[in-house]
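Student: One structure, pasted below without further comment.
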Amino acid sequence: DGVEGTQLGRVSPINTHQHDVVIGDNFGGQEERNLREKVYPVTAGYSPDDAASSPLMPSLYDFQNAPRAHNTDKSQSIIHHGQPDDSQPWTTPEIKGIRPAAMAGHTNKMRYYNDWWFWETSGAILSMLCMISVIIMLRQVNNTPLHQWNFYFQPNAVISAFVVVSKTAMLLAVAESLSQLKWLYFFKGTHKLKDLEAFEEASRGPWGAFVFLWRLKKWNPLALVGCVVMIAALAMDPFAQQIVSFPVRYERDANATASIAVTNAYQLVVYRKTTSSGEIYDVNMVGAFYSGLFNKSAPLDFLCPSANCTWDPFYTLGLSAECKDVSRSTEIQPNKCSEDDSSANDDERCTRFTLTTPRNISVSAVAYKKPLEFNSTRFSISTISPSASDWSRSGVVTQENNTIALVALAYLPYDELQDRATATKMYKTLTNVTECKIRWCAKRYTNIAVLNGALNSFTVEDIPFASVSYAPLEYSIRGTLNPNAHSSFKDNIFHIDTRKTTALQDLFLTSLNLNSTLGGDDNWSNALTRLFYESTNTTGVIQNIAASLTDNLRHNENNTTAKGHVIKPVAYIKAHWVWISLPVMLVVISMGFLGYTIWATTHARAPLWKSGLLPLLFHTLEGWKREELEAETKPLINDAAEEMHARLEKNENGELRFRKSELL
């Protein structure tokens, strides 16, 4: 690491390393050559003699004529670096251009990295590792909830970072390979000097690569691959943004519950009053009756902690209203008015009709002919209910007797009747009779769902009890569903208080026995009669009453809740593998492109200059006249290079030059 010699003089150390340096008076000849070998390690094409003529190498004269120290005692001529003898002044020649061995080793390593394909190979490997990392990450996070991603940066940001690093490292290898191909291109054949610039621009970016595709007259397949990769790399960043998406899926929230009120019993009533007949009234049911009658019943209420909830099918106690048109099967019997009313003495002008429905509901009507001194019936409602004894018949209640009320609604034709025969014919052909049966049942709700805070349309089915029993001591009717009903109630049993049933029957009897007459004076028994008469859907009115009563039953004191599922939106990570195919394909092609370039360069024994520009200065043009090389402006240089053909080869002196050559 320093300069060594005989013990004849003293000089200061050449570098900062802790070494002893001694130079003697008898320095010269072979000793001088040994010194040069120490200072300048012998390399290929370089000898110590060359150093003698180098301005960087001190000559023997410099050493021999250096001032000497006053102390000539050779026994003390050795000086240890870092421990100088300050008592003995001395001087030393300034030695320039001598590098320490450590610095020379560092330079050799850098030369190795640059003279081979270290950086390019490392870039290709790094590019592939980034793509592999993206694939591994996608396999791990695909179809997983986004909230489980705990990294600071979002998945698409991480993927973009990997793709950017991969792209940058990949383009390093591609650019250097394209640059090396220009030397290989001229080393293997004669081409226009202008093609040098085409290769150089192609290695600088996508635009140069695009121009290269149509600028080069004689295509180079290997360079073509590199240009395609360079151009296609522009799409890597947009493709990276499409690799993952975050679709929202709706799933159940295990920590929350939705609910809807249901009941399987109607036994206790908080607000009640006793009628003169001793029946117990439930004022809430009375209110529900009239709400349904006027179609003012509230929609199905629910409790949903989020904007979206669903319920499995559930059951609740309710009332069904089955209505059908019985006009053709209703018996119509005309009678003299005097037969039913002794005060009526004008049987010629008065006819009384009795309409009997299939369920033995009787509806009475009266018709008068001109002059209209009395009113004729135009609409009538008649309601009957099973007697209380029907509930206790042998302890068993049949399906038919599981009935609260039977309602018949008759629309009667009105005309200026001429005689009884004409009236009878009109009543038999024009009368419209609807019969409704209202009874206890189980209501089955399906397709219940709340989406964005609004209740979707759902389905309600009337499920008749499979069996009905009566417990007189408990004043209770027990309706049981089939075992496969899968209700939430124990044994699928529903409990109904008979006293409340009787009160409900009384409500129907007192509210739905109506009639309307027309003639000398319009006469409506009450507002309900007019409501029914003017309604275009009397069946719907009865069914609205049953639905409103059912809704009120769900909120009585015996109610419970049907548990629902709270649905929450969850963002998921979704990998779209098709979008990663292009980046992976480009990385694989770039590695193959680099590998083939290395092989082609080694196989042809072409110089490894890659993107270096200095080789153009050291290995200049040869074979052209001076005036052919005097172009100074860029346009003139381009025009001249377009007409000049060269080949990279050795001349007669073994020097590598761009020699003038002719195209074959």
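A short reminder: the numbers here are calculations on the coordinates, not readings from a lab. Since we're looking at a predicted model, the values are computed, not measured. As a convention, Cβ positions derive from the backbone with ideal geometry for all residues, glycine included, and neighbour counts pool all protein chains shown.
Student: Assuming R0 = 45 Å, can you tell me the calculated FRET efficiency for the pair Leu129 and Thr257, based on Cβ-Cβ distance, to the nearest 0.05?
Tutor: The formula returns an efficiency of 0.40 here.
Student: Magnitude of the Cβ-charge dipole of region 543-637, K/R +1 and D/E -1, about the Cα centre, nearest 20 debye?
Tutor: Using only the charged Cβ atoms, the result is roughly 420 debye.
Student: Let me ask something else about it. Thr357: net charge of surrounding residues, Cβ under 13 Å, Lys/Arg +1, Asp/Glu -1, itself excluded?
Tutor: The answer is +1.
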